[in-house]
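What follows is a short report on a single structure.
The values are calculated or read from the model by the stated rules, or taken from the named source; none is laboratory data. Keep in mind that this is a model prediction, so the values were computed, not measured. Every residue, glycine among them, receives a Cβ derived from its backbone with ideal geometry; neighbour counts consider all protein chains shown. Accessible surface is based on the protein model in full, side chains and every heavy atom, while ligands, DNA and RNA are left aside. Shrake-Rupley method; radii C 1.70, N 1.55, O 1.52, S 1.80 Å.
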Amino acid sequence: MELQLALDLVDIPQGIALVKEVESYIDIVEIGTPIVINEGLHAVKAMKEAFPNLKVLADLKVMDAGGYEVLKASEAGADIVTILAVAEDATIKGAVEEAKKQGGKKILVDMIGVKNLEQRAKEIDALGVDYICVHTGYDLQAEGQSPFEALQTVKKVVKNSKTAVAGGIKLSTLAEVVKAQPDLVIVGGGITGEDDKKAVASQMQQLIKQG
Ligand SMILES: O=C(CO)[C@H](O)[C@H](O)COP(=O)(O)O
């Protein structure tokens, strides 16, 4: 099980400073969608240059032109690129093909907004993607929702891809997440919003290692 730090509400220098604090406790650093919107793929490039030993995920939430957008993110140094599950199968297939061409880049499919989770997870699992991620976005977190039940649903049907979970995970809820045995746990505000980021990330890593 791996830990991914999601950076969303920072600029490039703030993001780099934040990762410096928790570098030894995380496996993947995510350049979140708001950063990509604000700063472009330069943010991915800057993060990879600053931390060549960390995997960098570009949270592009691709909806069309899968191959082209994976190509561009790969050129900027991304190791993993996100595609939306609600995109056409052709978009997801194009992304998977390009990721392979780019020498082992990975595709994470974000299930945000999917209504029939079980059926779409089975379909996406057959498309050769690397990760299937259940995700409760900010707008549904604000309504009190969490991704924990969705994780169990997807875990039951996914046979080939790794599973990932995101959306409001905190130190206090991590044990419940770990019990469901996802391959990747994605945490944003649960680390970036804490005063002692290093201590929280360290405790998270410990829980994940024990799991
Ligand atoms: O992709 C995202 C929002 O669309 C976030 O990066 C993801 O939800 C993790 O952040 P948090 O733990 O703060 O919810």
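Among the residues of region 4-17, how many are within 13 Å of the ligand (Cβ to nearest atom) and of a type in the set (A, V, I, L, M, F, W, C)? Talk me through it step by step, then tell me what you get.
At the first step, the residues of region 4-17 found to be within 13 Å of the ligand (Cβ to nearest atom) are 4-10, 15.
Those still in the list that are of a type in the set (A, V, I, L, M, F, W, C) too: 5-7, 9-10.
Selection size over region 4-17: 5.
Mind checking which pairs have a first residue in region 182-200 that is over 15 Å from residue 57 (Cβ atoms) and modelled with pLDDT of 95 or more and a second that is open to solvent by 40 Å² or more (accessible area, probe 1.4 Å) and outside any helix (DSSP H, G or I), Cβ under 6 Å, 6 or more apart or different chains?
Here the result reads 190/170; 200/194, each pair linking region 182-200 to a residue that is open to solvent by 40 Å² or more (accessible area, probe 1.4 Å) and outside any helix (DSSP H, G or I).
If you check residue 56 against the conditions, is it under 29 Å from residue 124 (Cβ atoms) and of a type in the set (A, V, I, L, M, F, W, C)?
So residue 56 fits the description; yes.
Against the conditions (1) open to solvent by less than 40 Å² (accessible area, probe 1.4 Å); (2) within 16 Å of the chain's Cα centre (by Cα), where does residue 12 fall short? Just the number, please.
(2)
Of the residues 167, 211, only one is under 23 Å from residue 15 (Cα atoms) and small (Gly, Ala, Ser); which?
Checking each option against the conditions leaves just 167.
Select from region 26-56 the residues that are within 17 Å of residue 4 (Cα to Cα), within 16 Å of the ligand (Cβ to nearest atom) and open to solvent by 50 Å² or more (accessible area, probe 1.4 Å) and list them in ascending order.
Scanning region 26-56 gives 27, 55.
Failed condition for residue 77, given (1) within 16 Å of the ligand (Cβ to nearest atom); (2) surrounded by 15 or more Cβ atoms within 10 Å (Cβ to Cβ), with all others met?
(1)
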